[in-house]
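S.K.: Pasting a structure below so you can have a look.
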Amino acid sequence: MIAFVAAGAALYHNHHEENLAPAASRAPVTPKPTAARTKAQAIDALMALPELKAWSAHIEKASGGKAHGAVLDDEEEGTKLIGGKSYWSLSFIENGDEAAHRWETFLVATSGDDILVDDTNDDRQLTLTEWRTEKRPLERIVKQADSAPGGTAPPP
């Protein structure tokens, strides 16, 4: 027990000695490289977006539990290279018994935190901020609630 306390005190002391040393004598801090993101982590990052959470809840409620929101791996596309950066191509879909409808395709960086939205209508990629401003994704579910009953797929 005394050995653990002594070791802890030494670590604490060394840490504070380094922080008290003049800036010129400290070793320069190099940024850590960005860790690679697995495809599973990319899917988790997408499903954590408030829009996808709201879409999923809407799909489930509107279909009476017969359809669910899900992220589909666009395997045939693999990763895309955009601006020298590699992205996973993943689509948010409405998955029902009879069919699956794509709502949106996202590009999730294989390293870092970037998430883009693939705007296939204009053949461009939007940042999440641009997508939220230009496309107003949460309004999709409001418009659907006001439209005729039946499907929950997004309007064209």
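S.K.: Working only within the stretch 112-123, note down all residues that are at pLDDT 95 or above and not acidic (Asp, Glu).
M.R.: Scanning the stretch 112-123 gives ILE115, LEU116, VAL117.
S.K.: Tally time: how many residues in the stretch 90-132 are over 15 Å from the mean Cα position of the chain (by Cα) and small (Gly, Ala, Ser)?
M.R.: Of the residues in the stretch 90-132, 3 are over 15 Å from the mean Cα position of the chain (by Cα) and small (Gly, Ala, Ser).
The values are calculated or read from the model by the stated rules, or taken from the named source; none is laboratory data. The structure presented is a predicted model; accordingly, all values stated were derived computationally and were not measured.
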